[in-house]
Amino acid sequence: MSEPVSADTRPNALSAWPDARGRFGDYGGRFVAETLMPLILELEEAYETAKADPDFRAEMDLFLKDYVGKPSPIYFAERLTEEFGGAQVWFKRDELNHTGSHKINNCLGQVLLARRMGKTRIIAETGAGQHGVATATVAARFGIPCTVFMGATDVERQAPNVFRMKLLGAQVVPVTSGTGTLKDAMNEALRDWVTNVHDTFYVIGTVAGPHPYPAMVRDFQSIIGREARAQMKERLGRLPDACVACIGGGSNAMGLFHPFIEDEDVRLIGVEAAGEGVETGKHAASLKGGKPGILHGNKTYLLQDDDGQIIDAHSISAGLDYPGIGPEHAFLHDMKRAEYVSATDAEAMEMFQLCTRLEGIIPALEPAHALARVRDLAKELGKDGIILMNMCGRGDKDVPQVARMLGVEL
Amino acid sequence: MTNRLNTRFSELSAYNRAGFVAYMMAGDGDSQALLNALPAAGADVIELGMPFTDPMADGPAIQASALRALEAGMTLKGTLAQAAAFRKHDKDTPIVLMGYANPIHHMGWEAFAKAAAKAGVDGLICVDVPPEEDDELRAALGKYSIALIRLATPTTDDKRLATVVANTSGFVYYVSTTGVTGAGSGAVTEVGEAVARVQRASGLPVAVGFGVKEPEQAAAIARTADAVVVGSAIVDAMHAGGVAGAQELVKRLSSAVHAARR
C-alpha cells in the first residue's frame, strides 16, 4: 500500500471512496505521463466545481429527461422468469435510452463539462461502438468536433456502429496496433490527448483511467441505480435480493451497484466475459484470471503474464473485450461487498436468442452475459426472490455478428 | 552521493560540452551488441528501453520496437541481464532504464531496485508514475542509490515544476513537445527558455528529448541543454541497418552535439 492515508481521512463507508488521492483502497490513482498530469488536476477541479453547481445539475437533468429519455423503466421479464423457474427477473431498461445503451448517461455529463471548461475538441475510445456512438451523438448535438478511436478488429465486427458514428459527423480512426481492440484504442486516445492537450477533452467511456475518471463516470452512471432503487421500492415495496450487471470496464455495473452499496442485504453481482472459458486463457475476466497492476492511468486487476506484460482479452463481445476492470470493482471485490462471476461466449449467444424470443427484447451481447448468471441465480433464490438486472444495451448492433455466427447470410 | 551520472555530467560541464544520450530498446535485434558499442560511438549516457506491450507515451517507432523485442522473448529480467553484461566491461558509462510501471510493479518495486542496482543500473525513468504516485518506487530506488529521473514537459508550469523536481536526482528529462516520442520537437528558442527554467528550479542537469532526429537539430538544442536525447531515430536505424546502422547514426549525432558549443 502506498503512502498510508491516516485513518481519519479515509472514507468509512464503502460507497464514500475514492480518497483525496483518487484511491479506492489500494486501487485507482493517477498513473499518467507528466504531460497529462496538469490536465488531470484541472479536470478534477472543474468536475468538483460543476458537481456542486445547481446550474450544471439542472442542465444535466433537462437533457437526461428530454434528450436521453430518462427515467428508463423497470420491467418484469415474466416469460424469462417462467423459463428459469425461480426468482422474479426484472430488467432496468437502460437499452431504451437514446442511442441504445447506458453509455449516453456519462457522455452527456462529460461533454457538458467539456463545454464549461472551454474545450473545443472531443476524443473518445470505443469497443463495441456504443460509447463512440453516444459520444458522437452528444458532440453532434453541441456542435463539437469529435474523433473516435476504435480497434481495427472492432471496426470490422461492429460495422453498423461505425457507420452511425460517421453519420453523426465523427471521425473514426481504426487502431491497428496490438490486437486492434479496446485497450489499443485507449492507448491511441491517450497518445492523441498527450499531443493535443490544449484544446481536447478526452471522454473516457468506462469507470477506469486516471482519477477523477473512475469516480466521475460512476457518478454520471449512478442514475441507473438511483432510478432503479426508487422504482423497485415504488413498484414492489422492497429492494431486490440481487443486482446483476455485465462487466468490461464496469461502468454500467458500477452505475447500478453504487446506490445499493450501503444496502447490505442486496447482493451485487458482476458478470465478466469468460470468452472460450477462463480455464482456456482466452477470456476477458480480469478479476477471475488477473492480478493487480498498473495500466491506463490506474492500479487495478489486469490480465498479465509473468513479466507484467498485458495479455490480450478475448470475448465475443467487443464491449467486454478489455484486459482490465475499473478500480472500484477491484476494491469491492477485495472487500467482498460485490461478487464477480463470469459467462462464456456460448452462454451469451444462447441468452441473446432466448431473451429475444421470450421477451421480444434483443439484448446486446454484453448484457446477454449477465443473463446467463441470472438464470442460475433465479434457481438459487427461488420463487420468493427478486433479481434486478441492468439491460444496459440493445442488440441491434450485434445482429450482423450473430447472424454470421449462426451461419446465416444477410 | 557520487555516482556515474553525477560524475559524467561534471565531466561534461568541465569541458563545456553537452552530453549525448542514446536510447535503445532492449531485445530488439542484437541489442547487446549495440549496447556494448554505444560508448565508443559517442554516447555519454545510455537509456535502455524496457519493452512493454502498451507504451502509451510512445510513437510508432518505439511501439513497434517494443513489440518486436517482446516477440523475440525479451523480459524485464532479460533487460537487466543485458545491463549487467555491459557493466562487466564498462565501469563508467551511466545506464538509465526507461519504461512503464507494470512490469516493475509486477516484479515488486524493491525487488526491481535491488536487481537493477546489482546489474549496475544508475537511474530509472518510469513514464507513467508521476510524483503523486511514486512514493513507494522512490523509497525502493533510494535504498539502492538509483536515481529517479523525472520528466518535465511544456505543460509543467512553475508551481508544478517545484513538485516535479523535488526528490529527483541525476538529471531532469525535459520533453520538448506535447506528444509522443518521435513526433516533431518544440521550437529551439522555446526549448532554450524551458531548459533554463528547469535548470534553475532543479539545480540539476537537463536533458532534452522527444522528436530529436537530425544532427543540426541536436546541435541547436545542445547549445543550451546539458544533454540531448535521441530515441526513435536510433531505434529505426537499428531496425533498418542493424548494429552498424545504429552505430553510424549515433556517431553523427554525438559528434554534432559534442561540437555544438565550439
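The values are calculated or read from the model by the stated rules, or taken from the named source; none is laboratory data. Values in this document were obtained by computation on a predicted structure and should not be read as measured data. Using ideal geometry, Cβ is built from the backbone for each residue, glycine included, and neighbour counts are taken over all protein chains shown. Quick note on the areas: whole protein, heavy atoms, side chains included, nothing else; ligands and nucleic acids left out. Shrake-Rupley method; radii C 1.70, N 1.55, O 1.52, S 1.80 Å.
To keep it simple, each residue is scored yes or no on (1) more than 14 Å from every other protein chain (Cβ to nearest Cβ); (2) in a strand (DSSP E or B); (3) among the small types (Gly, Ala, Ser).
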| residue | (1), (2), (3) |
| --- | --- |
| A:Pro214 | yes, no, no |
| A:Ile224 | yes, no, no |
| A:Ala230 | yes, no, yes |
| A:Arg238 | yes, no, no |
| A:Cys246 | yes, yes, no |
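Of (1) within 14 Å of chain A (Cβ to nearest Cβ); (2) over 27 Å from A:Glu188 (Cβ atoms), B:Val195 satisfies all except one. Which?
All conditions pass for B:Val195, except number (1).
Under the condition of being open to solvent by 40 Å² or more (accessible area, probe 1.4 Å) and assigned to a helix (DSSP H, G or I), which residue from region B:86-104 is nearest to the other protein chains (Cβ to nearest Cβ)?
Among those that are open to solvent by 40 Å² or more (accessible area, probe 1.4 Å) and assigned to a helix (DSSP H, G or I), it is B:Lys88.
Report whether or not B:Ser202 is away from every other protein chain (no Cβ under 14 Å), over 14 Å from the mean Cα position of the chain (by Cα) and open to solvent by 10 Å² or more (accessible area, probe 1.4 Å).
no
For region A:358-410, enumerate the residues that are at positive phi and out of contact with any Gly (no Cβ under 9 Å at 6 or more places or on another chain).
Within region A:358-410, A:Gly360, A:Gly407 qualify.
Which of the following residues is crowded, with 24+ Cβ neighbours inside 10 Å and out of contact with any His (no Cβ under 9 Å at 6 or more places or on another chain): B:Val228, B:Val243, B:Val165, B:Val188?
Checking each option against the conditions leaves just B:Val228.
How many residues are facing chain B (nearest Cβ under 8 Å), touching a residue at least 12 places away in the same chain (Cβ under 8 Å), in contact with a strand residue (DSSP E or B) (Cβ under 9 Å, 6 or more places away or on another chain) and assigned to a helix (DSSP H, G or I) if we restrict to region A:187-198?
2
Would you say A:Val162 is β-branched (Val, Ile, Thr) and within 14 Å of another protein chain (Cβ to nearest Cβ)?
No.
Is there any pair linking a residue in region B:249-262 that is modelled with pLDDT of 95 or more to one that is open to solvent by 70 Å² or more (accessible area, probe 1.4 Å), with Cβ under 8 Å and at least six apart or on different chains, and which?
These pairs meet every condition: B:Ala256/B:Glu216; B:His258/B:Arg17; B:Ala260/B:Arg223.
Which of the following residues is open to solvent by 20 Å² or more (accessible area, probe 1.4 Å) and of a type in the set (Val, Ile, Thr): B:Thr79, B:Thr7?
The conditions single out B:Thr7.
Which ones in region B:91-106 are over 21 Å from A:Ala33 (Cβ atoms) and touching a Leu at 6+ places or on another chain (Cβ under 9 Å)?
B:Thr93, B:Pro94, B:Ile95
Would you confirm whether or not region A:246-253 contains a residue that is on the phi < 0 side of the Ramachandran plot, hydroxyl-bearing (Ser, Thr, Tyr), open to solvent by less than 10 Å² (accessible area, probe 1.4 Å) and touching a residue at least 60 places away in the same chain (Cβ under 8 Å)?
yes
Any idea which of B:Ala117, B:Ala40 is away from every other protein chain (no Cβ under 14 Å), surrounded by fewer than 19 Cβ atoms within 10 Å (Cβ to Cβ) and touching a Phe, Trp or Tyr at 6+ places or on another chain (Cβ under 9 Å)?
B:Ala117
Regarding region A:300-316, can at least one residue be identified that is more than 10 Å from chain B (Cβ to nearest Cβ), farther than 18 Å from A:Asp345 by Cβ, surrounded by 24 or more Cβ atoms within 10 Å (Cβ to Cβ) and at pLDDT 95 or above?
Looking for residues that are more than 10 Å from chain B (Cβ to nearest Cβ), farther than 18 Å from A:Asp345 by Cβ, surrounded by 24 or more Cβ atoms within 10 Å (Cβ to Cβ) and at pLDDT 95 or above, one finds at least one in region A:300-316, hence yes.
Mind counting the residues in region A:41-55 that are part of a helix (DSSP H, G or I) and either over 23 Å from the mean Cα position of the chain (by Cα) or within 14 Å of chain B (Cβ to nearest Cβ) (or both)?
Of the residues in region A:41-55, 8 are part of a helix (DSSP H, G or I) and either over 23 Å from the mean Cα position of the chain (by Cα) or within 14 Å of chain B (Cβ to nearest Cβ) (or both).
Identify the single condition in (1) part of a helix (DSSP H, G or I); (2) of a type outside the set (A, V, I, L, M, F, W, C); (3) at pLDDT 95 or above; (4) under 26 Å from B:Gly179 (Cβ atoms) that A:Pro38 does not satisfy, given that it satisfies every other one.
Here A:Pro38 clears every test but (3).
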